Amino acid sequence: MSAITAWTRRHRLTVFFGLAFAVSWWAWPFYVAGSSPTPFFACGPVVAAIVVIAVADGRAGYRDLFARLTRWRVGWTWWAVAIGMPLAVLAVASVANVTLWGAPAPDLGRLAWADIGLVVAFRFVDPLDGPFGEEPGWRAYALPRLQEKWSPLRAATTLGVVAALWHLPLVTSGMLAPIGLVVTFAITLVYVWLVNHTGGSALMALVFHVAQGAISYAALGFTGADADRMDWLTGALWCLIAAGLVLADRPAWRTTPAAHAGPSSTSTAALSG
């Protein structure tokens, strides 16, 4: 066993997080200097998971990652939650924007549903987009290992801080509103709650993430100040939902079910963080 392999096995999460940031942030200074078209690559977490598994775990690690990303037998109720919750938040925020602030009402009949369907399909497989770029790393790889050592609440808040900081290049470049960092932290709690209630299914997190961005503000007719207000409205709703889940489902945040707390295809001893 090489020294690099041995060190990586002892510090899987440290290496994973370091690689995730390095891969996603490498273009940031070049963007600031005007020599890169983008400051950020969303594929950092999935690339980091693939690399760390290759060095430290091999086939067993890939089997575990694949099992979490394809765990679809979770009950129709959780499918409805994963798809319906993000759409409900968008709908409530849109109604508030129209009724309280006079934004133009969306014309759902004029939405390009075929285009939305293509966007949804592409987001499931595009590593440069948020869902597939993040979920195999954050929820399928890092979360189980964090929960081997900590309670779900501590694991979720830690991952929420990391994921929020990871988005910093988007904020400094104006591609993400600053409130997005707070929302990222809050919605991480929702992701963890969903994954833990579905037997460790990172697929549900992927579906949730795809649904969250399936319909843009622009597609609904919100532009300018109306679109900016949507960021605040949806952000406030996600913060309320996260707080509500923590307060209303306290047992879920104390102990992770043993069946999906850590890697399912290999021993905890072999794959400790």
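The values are calculated or read from the model by the stated rules, or taken from the named source; none is laboratory data. Small disclaimer: the values here were computed from a predicted structure and weren't measured. Positions of Cβ are generated from backbone atoms using ideal geometry, with glycine treated the same way; all protein chains shown enter the neighbour counts.
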Checklist entry - Given the conditions (1) assigned to a helix (DSSP H, G or I); (2) out of contact with any Lys or Arg (no Cβ under 7 Å at 6 or more places or on another chain), and given that A105 satisfies all but one, which numbered condition is not satisfied? => result (1)
Item to check | Filter result for W253 (among the aromatic types (F, W, Y), at pLDDT 95 or above and within 20 Å of T158 (Cβ to Cβ)) | outcome: yes
Checklist outcome for this item: Among residues of the stretch 16-50 being more than 19 Å from the chain's Cα centre (by Cα) and of a type in the set (A, V, I, L, M), the residue surrounded by the fewest Cβ atoms within 10 Å (Cβ to Cβ) is A33
Item to check | Contacts under 9 angstrom Cβ, first residue in the stretch 67-87 being assigned to a helix (DSSP H, G or I), partner among the acidic types (D, E) and surrounded by 15 or more Cβ atoms within 10 Å (Cβ to Cβ), 6 or more apart | outcome: L69/E135
Checklist entry - So which residues in the stretch 150-166 are among the hydroxyl-bearing types (S, T, Y) and either touching a residue at least 40 places away in the same chain (Cβ under 8 Å) or not in a helix (DSSP H, G or I) (or both), if there are any at all? => result S151
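Quick grid of which residues meet (1) closer than 21 Å to L165 by Cα; (2) at pLDDT below 95; (3) not in a loop (DSSP other than H, G, I, E, B):
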site	(1), (2), (3)
A6	no, yes, yes
R9	no, yes, yes
L13	yes, no, yes
G18	yes, no, yes
S24	yes, no, yes
P39	yes, no, no
Checklist entry - Tell me, which residue of the stretch 19-35 that is among the hydroxyl-bearing types (S, T, Y) and touching a helix residue (DSSP H, G or I) at 6+ places or on another chain (Cβ under 8 Å) is nearest to A142 (Cα to Cα)? => result S24
Next on the checklist: For the structure I just gave you, tell me whether V51 is modelled with pLDDT of 95 or more, assigned to a loop (DSSP other than H, G, I, E, B) and either of a type in the set (D, E) or closer than 16 Å to A140 by Cα (or both).
Outcome noted: no
Checklist entry - In the stretch 120-143, is there at least one residue being more than 27 Å from W166 (Cα to Cα), exposed (fewer than 13 other Cβ atoms within 10 Å of the Cβ) and either without any contact (Cβ under 8 Å) to a residue 60 or more places away in the chain or within 12 Å of the chain's Cα centre (by Cα) (or both)? => result no
Item to check | Output for the stretch 177-216, where each listed residue is among the polar types (S, T, N, Q), farther than 19 Å from G133 by Cα and outside any loop (DSSP other than H, G, I, E, B) | outcome: N196
